[in-house]
1. Mind pulling the angle between the C-alpha long axis of helix 44-57 and the longest principal axis of the chain? Nearest 10 degrees, somewhere in 0 to 90.
2. Just to confirm the number: angle between the C-alpha axis of helix 108-130 and the first principal axis of the chain, 0 to 90 degrees, nearest 10?
3. Neighbour counts of other C-beta atoms within 10 Å: give me V19, V149, V47 arranged from fewest to most.
4. Pull up the cross-link candidates among the lysines for K124, meaning alpha carbon to alpha carbon under 26 Å and not fewer than 8 places away within one chain.
Amino acid sequence: MEKIFTEINKRNVHYGNYVEQIRDMFARKQESLRKQDDKFFSKYWQVYAWAAIIGFVNDKREEGADLPHQSSFQYQMITNGSDSVANTLLLMAIGKIQAKEAKDILNSRKLLTIISEYAEGGAKHILEIRQTPGLERKFDSPDDYLVEVIKR
């Protein structure tokens, strides 16, 4: 298992347009961390991980989604930021693989693609929630994140 962690941590994360949209809505620009604003997340990887968790929890996967954007961070940044989040995403991805051989299950690029497909699905789900009448400002308040976690 240590080998898969080493391999996956060296890889860049790819994501799609839905993740990019919610990243821009909910995360500060990485280069201006000192600036105080109303964004909930201070790192791009946090939004990516949050969207992936939403995708996994709600079974919202954009299988075969176009993932044209390559992040400025490797998966290692998620591991460094929160080892438990990185491990959880990896385990959820392993749980979604349907394969007969270990080599197929432990393919680091395939695992990252699955995580990204769920992140894309989660981001789309978040955007759909915000299109619901009365919920257009959902996740604009820090309390919304806490309520969402409690509901899980």
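Coordinate-derived values only; no laboratory data. Quick caveat: nothing in here was measured; it's all calculated off a predicted structure. In this analysis, Cβ positions are derived from the backbone assuming ideal geometry, glycine residues included, and neighbour counts consider all displayed protein chains.
1. Computed tilt is about 80 degrees.
2. 20
3. Numbers: V19 31, V149 9, V47 25.
Least to most surrounded, the residues fall as V149, V47, V19.
4. K29, K39, K43, K60, K96, K110, K138, K151
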